[in-house]
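Beneath this line is the structure, given in structure tokens, with notes to follow.
The values are calculated or read from the model by the stated rules, or taken from the named source; none is laboratory data. Quick caveat: nothing in here was measured; it's all calculated off a predicted structure. Cβ coordinates were reconstructed from backbone atoms using ideal geometry, including for glycine residues, and neighbour counts include every protein chain displayed. Heavy atoms of the whole protein, side chains included, go into the accessibility calculation; ligands, DNA and RNA do not. Shrake-Rupley method; radii C 1.70, N 1.55, O 1.52, S 1.80 Å.
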Amino acid sequence: MALRFHDRTSSKRRFERYLDERRQALASKDKDPKSPAHQIRHGRGFGKLLLAFFSLLSGYRGTIIAILIVLTFGRFLSLAVPASTKFVIDYVLLGQPIPPRFTQYVPLPTEPHQLLILLAISVLAISTLSTFVHLWARWQATRATQRLKVKVRRLLFEHAARLPLHKIHEIKSGGASSLLREDAGGVGDLVFNLLFNPWRAIVQLLGGLAVLLWVDYRLLVGCLLLLPVVYWNHQLWVRKIRP
């Protein structure tokens with residue numbers, strides 16, 4: 001006896017019907033200005049949350065600005081390694097004469113062997129300095145992150161201490177207190193996720209493009225042609241695969 005599966009009674013159809021009903025319910029709640037869903041969607045946009053985050057940085061703004069400046073300096077120092085390839089290829093391997101604009105400020109040896117040794121020592125020294133600068137900036141960013149976590153948790157505790165007892169009991173009995181504590185600590189992680197890491201990536205990208213332009217403009221053109229492919233791959237991962 002063959003079994004028959006009807007689409008109208010399948011779990012897939014029931015799940016699709018449940019999603020449709022949920023979308024309609026959310027849409028009706030979103031239209032109501034007094035509903036929490038409407039206030040969350042329309043009352044706390046990215047701009048307001050960003051301004052609220054910057055307001056929490058009061059007392060740490062000078063430190064954050066100094067960290068970003070030092071980080072920028074360290075990222076530019078790290079570009080000495082790819083920039084030195086032009087000197088190695090043009091003036092060491094190919095033996096071309098060094099332009100006067102380089103020798104009028106810093107005396108450079110004319111022998112390719114001596115020039116290669118000088119470049120190796122210079123790149124090693126600059127790379128070491130760049131590493132120390134990056135470690136200092138990361139250490140200061142970590143300190144600012146931990147201090148911001150303590151500040152936000154203190155503000156949360158002061159706010160919770162003024163709540164009525166039944167509200168505190170509801171938060172505690174539902175297990176939301178630990179979630180609030182973890183969310184308060186997550187605000188401090190925005191120092192890295194919103195400021196430190198994006199700024200480092202932007203400086204690295206712009207500096208890398210500048211080095212490619214200085215070495216050979218054709219390398220820059222090829223890199224720019226690959227950017228749409230990288231962007232499309234990133235959007236495919238974020239919007240299609242990762243959810």
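Taking the stretch 62-79 only, how many residues are in a helix (DSSP H, G or I) and over 13 Å from residue 140 (Cβ atoms)?
Within the stretch 62-79, the first condition is being in a helix (DSSP H, G or I), and the residues that meet it are 62-78.
When the remaining residues are screened for being over 13 Å from residue 140 (Cβ atoms), the result is 72-73, 75-78.
Final tally of qualifying residues: 6.
Give me the pairs, please: first residue somewhere in the stretch 104-116 and more than 15 Å from residue 84 (Cα to Cα), second residue anywhere and of a type outside the set (Asp, Glu) and at pLDDT 80 or above, beta-carbon distance under 6 Å, and either six or more positions apart or on two chains.
109/115
Out of all the residues in the stretch 196-219, which are open to solvent by less than 30 Å² (accessible area, probe 1.4 Å) and hydrophobic (A, V, I, L, M, F, W, C)?
Matches in the stretch 196-219: 196, 203, 211.
Given (1) open to solvent by 70 Å² or more (accessible area, probe 1.4 Å); (2) within 21 Å of the chain's Cα centre (by Cα), identify the lone condition not met by residue 70.
All conditions are met except number (1).
Would the stretch 15-26 turn up any residue that is closer than 30 Å to residue 147 by Cβ, surrounded by 10 or more Cβ atoms within 10 Å (Cβ to Cβ), at pLDDT 85 or above and of a type in the set (D, E, K, R)?
no
Taking the stated definitions as given, is residue 75 of a type in the set (Lys, Arg), open to solvent by less than 60 Å² (accessible area, probe 1.4 Å) and modelled with pLDDT of 85 or more?
Spelling it out, residue 75 is indeed of a type in the set (Lys, Arg), open to solvent by less than 60 Å² (accessible area, probe 1.4 Å) and modelled with pLDDT of 85 or more.
Based on what the data block shows, is residue 41 charged (D, E, K, R), modelled with pLDDT of 85 or more, part of a helix (DSSP H, G or I) and surrounded by 13 or more Cβ atoms within 10 Å (Cβ to Cβ)?
no
Can we say residue 89 is without any contact (Cβ under 8 Å) to a residue 24 or more places away in the chain, in a loop (DSSP other than H, G, I, E, B) and out of contact with any strand residue (DSSP E or B) (no Cβ under 8 Å at 6 or more places or on another chain)?
Numbers: without any contact (Cβ under 8 Å) to a residue 24 or more places away in the chain: yes; in a loop (DSSP other than H, G, I, E, B): no; out of contact with any strand residue (DSSP E or B) (no Cβ under 8 Å at 6 or more places or on another chain): yes.
Considered against the rule, which asks whether it is without any contact (Cβ under 8 Å) to a residue 24 or more places away in the chain, in a loop (DSSP other than H, G, I, E, B) and out of contact with any strand residue (DSSP E or B) (no Cβ under 8 Å at 6 or more places or on another chain), residue 89 comes out as no.
Within the group 184, 137, 160, which residue is open to solvent by less than 60 Å² (accessible area, probe 1.4 Å), in a helix (DSSP H, G or I) and touching a residue at least 40 places away in the same chain (Cβ under 8 Å)?
Matching residue, one of 184, 137, 160: 137.
For residues that are at pLDDT 90 or above and among the charged types (D, E, K, R), scanning just the stretch 86-144, find the one that is nearest to residue 210 (Cα to Cα).
Among them, the one singled out is 138.
Return only the number of the condition from (1) hydroxyl-bearing (Ser, Thr, Tyr); (2) in a helix (DSSP H, G or I); (3) modelled with pLDDT of 85 or more that residue 58 does not satisfy.
Answer for residue 58: the failing condition is (2).
Starting from residues that are among the small types (Gly, Ala, Ser) and surrounded by 12 or more Cβ atoms within 10 Å (Cβ to Cβ), keep the ones in the stretch 79-124 and report whichever is farthest from the chain's Cα centre (by Cα).
120
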